[in-house]
Amino acid sequence: MKQKIDTINKTEYQEVVSVWESSVRATHHFLKEEDIEYFKPLILNTYLDAVELRCVRNNENKIVGFLGAAEQSLEMLFIDPEHRGKKIGKTLLDYSIDNLNVTKVDVNEQNEQAVGFYKHCGFQVVDRSELDSSGKPYPTLHMKLKSKTTADTVYKT
């Protein structure tokens, strides 16, 4: 079944945060409880408004996966744990590349499933930071989409 990409209304932010939290609890085993509690209000009140949001919904119109992108960067991609393995993440990632011009993503190094997913989808590690963007001690891999043509890889110095 082809998954439809939909927009997210501000009134659905609480639902989005619920998907985020269940996804993080299923995949980010390295995070402490206080980190999850620290990020929840930030996501709800700040981060969601700072990105272009898209989602996939189930037959009951509930959000089962979402992405947030800004300035060619995939800032968030989270799938409800009960819906993982159904190509929702790949569908959302492809959409972000094709329609939102995403070419880069930062990934927690300890989230090995996500690192593997992005590598499988054509991203490569170009840099690493010891701290995450909030200054917390979670090493972050900076990944960039491999160019489809070698002409794209010429950089001006």
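Structural remarks
- Only one of the listed residues (Ile8, Ile43) is over 15 Å from His83 (Cβ atoms), open to solvent by less than 70 Å² (accessible area, probe 1.4 Å) and touching a Cys at 6+ places or on another chain (Cβ under 9 Å). That residue is Ile8.
- In the set (1) in contact with a strand residue (DSSP E or B) (Cβ under 8 Å, 6 or more places away or on another chain); (2) in contact (Cβ under 8 Å) with a residue 12 or more places away in the chain; (3) surrounded by fewer than 17 Cβ atoms within 10 Å (Cβ to Cβ), the condition left unmet by Cys121 is number (1).
- Among residues of the range 85-118, those that are surrounded by 14 or more Cβ atoms within 10 Å (Cβ to Cβ) and polar (S, T, N, Q), counted: 6
- Of the strands (runs of 3 or more DSSP E) entirely within the range 26-135, those holding at least 2 residues that are at pLDDT 95 or above and over 22 Å from Gln14 (Cα atoms) occupy 104-108, 123-129.
- The residue list Lys119, Lys136, Lys104, Lys87 contains one member that is within 24 Å of Lys4 (Cβ to Cβ) and out of contact with any helix residue (DSSP H, G or I) (no Cβ under 6 Å at 6 or more places or on another chain), which is Lys87.
- Pairs, first without any contact (Cβ under 8 Å) to a residue 60 or more places away in the chain and more than 12 Å from Val64 (Cβ to Cβ) in the range 1-27, second among the charged types (D, E, K, R) and in a helix (DSSP H, G or I), C-beta under 7 Å, six or more apart: Val17/Lys40; Glu21/Lys40
The values are calculated or read from the model by the stated rules, or taken from the named source; none is laboratory data. The structure displayed is predicted, hence computed values, not measured ones. Reconstructed Cβ throughout: ideal geometry from the backbone, glycine too, with neighbour counts over all protein chains shown. Ligands, DNA and RNA are stripped out before the accessible areas are found, and what is left, the full protein with its side chains, is counted by its heavy atoms. Shrake-Rupley method; radii C 1.70, N 1.55, O 1.52, S 1.80 Å.
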